[in-house]
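Down below is the structure, laid out as structure tokens.
The values are calculated or read from the model by the stated rules, or taken from the named source; none is laboratory data. Since the model is a prediction, treat every value here as computed from it, not as a measurement. A quick note on method: Cβ atoms are made from the backbone with ideal geometry, for glycine too, and the neighbour counts reach across all protein chains shown. Just the protein is used for accessible areas: all its heavy atoms, side chains included, with ligands, DNA and RNA removed. Shrake-Rupley method; radii C 1.70, N 1.55, O 1.52, S 1.80 Å.
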Amino acid sequence: MSKVKDESLAEQGKMSYEWARSHMPILDKTINRLKKSQPFKGLTLGFCLHITKETSVLLIGAKELGAEVATCAGNPLTTQDDIAAFLASEGIHTYAWNDETNEEYDWCIEQVLNHNPVIVTDDGADMNVKLHFDKKFKNLKVLGATEETTAGVNRIKAIEKKGKLRYPVIVVNEAYTKHMFDNRYGTGQSTIDGFLRAMNLLFASKRVVVAGYGWVGRGVAERTHGMGCKVIVTEVDPVKALEAHMDGFEVMTMSEAAKIGDIFITCTGMRDIITKEHIMKMKNGSVMGNVGHFDVEIDSEFLLNQSKSVREVRPNLDECVLQNGKRVYLVGKGRLANLVAAEGHPPEVMAQSFSNQILSILYLLKNHKKIGKKVITVPIELDTQVAADALAAFDVKIDHLTKKQIAYRENW
């Protein structure tokens, strides 16, 4: 059972899948290493992820390892319709299409849960929240879950803090091989890609304001600086602000940055980062976009509903004429600019995230009782395995400690 926008796009989606898999040797190696043992045989796995060519490699891989797979999108605007059609044609229960309404998005999550998955893999925690607070699914037996992104981790930890967590959750986002490569290198590059496709303007010489200096913010700041931008960072964490300052970026409040910035990129996972008050201070022609998971970082409600006029001047770029006559621009209606206006992370980066996902699902199946109803990070041995697979895929060789060195390290 599936519901996608256009089944005739399946062949196009297959070519995109093949391209991605050929550039994801780390994940391909993980899948092939496990294929003989069929570790997911007889199990149903549920996924709520961005439906991209990279995600299709994970989902097809889970099927090859024996699972019945059901999937929906992790965001209403990020589904690549050709990939959704391809997945449906391969027997994966797919409920996703680009530009879903909020009601349709919610319906798609419910369809996946109606397949009774024993493990769920989430990106933003919408599926996990439904499992915890929607009475329709209170009796669904879930052994555990994995979470892909910072915003979802925050929500899951809030559920745990209230003592309401139903099952163990592994926060894949906090694996070093995930947040360093995916958040930093992946989002850094794909953000540039999304903004360039949306606005097609020169980055060099412009003042780019990066809100947040976590792993995503670091990646965006580094990449925009590499494009010749004058980078300004806004932060609330003194340690991260100090780090940005020591890395050579200007650090100031958003109120000050709003007056001088040309391009604004929010990377925080927090709401109300660019407010109406900030927008009213901006220069004519300023461009805003968000690469945090949810569309709450920029006041898109004010921009899209209270401007004097709004028109889409380029694909995924809205021109908003404010009441004071200034024109400002919003990428992707405030949703994930790197996925709405572009294709998300490159395959080589997502291979590491999704290898972590496969290994974490396996770990949950074997250890869910031992873990209990807790949030845990990816065990270090899994993180190390992914790093070793990545080095092998890149044909990089490293030294190993000798017996004498190990003895020296362990001798007090």
I need the full set of residues from the range 286-297 which are under 22 Å from Arg155 (Cα atoms) and assigned to a strand (DSSP E or B), in order please. Asn290
Among what's in the range 247-268 and is of a type in the set (Gly, Ala, Ser) and open to solvent by 10 Å² or more (accessible area, probe 1.4 Å), pick the residue that is nearest to Val296 (Cα to Cα). Ser255
In the range 121-135, is there at least one residue being assigned to a helix (DSSP H, G or I), touching a residue at least 60 places away in the same chain (Cβ under 8 Å) and more than 16 Å from Cys48 (Cβ to Cβ)? no
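Residue-by-condition table, conditions (1) under 26 Å from the mean Cα position of the chain (by Cα); (2) farther than 19 Å from Thr146 by Cβ:
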site: Ile376; (1), (2): yes, no
site: Pro379; (1), (2): yes, no
site: Ala388; (1), (2): yes, yes
site: Phe394; (1), (2): yes, yes
site: His400; (1), (2): no, yes
Could you list, in sequence order, all residues of the range 32-81 that are in contact with a Gly (Cβ under 6 Å, 6 or more places away or on another chain) and not aromatic (Phe, Trp, Tyr)? Gln38, Lys41, Cys48, Leu49, His50, Thr52, Ala70, Gly74
Would it be correct to say that Arg207 is open to solvent by 10 Å² or more (accessible area, probe 1.4 Å), modelled with pLDDT of 95 or more and either closer than 28 Å to Lys281 by Cβ or among the β-branched types (Val, Ile, Thr) (or both)? yes
Within the range 209-246, the residues that are closer than 20 Å to Asn290 by Cβ and in a strand (DSSP E or B) are Val209, Val210, Ala211, Val231, Ile232, Val233, Thr234
Give me the pairs, please: first residue somewhere in the range 294-305 and modelled with pLDDT under 95, second residue anywhere and open to solvent by less than 20 Å² (accessible area, probe 1.4 Å), beta-carbon distance under 6 Å, and either six or more positions apart or on two chains. Phe294/Ala151; Asp295/Gly334
Please verify whether Gly66 is at positive phi, in contact (Cβ under 8 Å) with a residue 24 or more places away in the chain and in contact with a Lys or Arg (Cβ under 7 Å, 6 or more places away or on another chain), treating the condition exactly as stated. yes
Give the range 126-144 a look and list any residue that's of a type in the set (D, E, K, R) and surrounded by 14 or more Cβ atoms within 10 Å (Cβ to Cβ), or say none. Asp126, Lys130, Asp134
Which one is nearest to Ala151 (Cα to Cα), of the residues in the range 247-285 that are in contact with a His (Cβ under 7 Å, 6 or more places away or on another chain) and part of a helix (DSSP H, G or I)? Met254
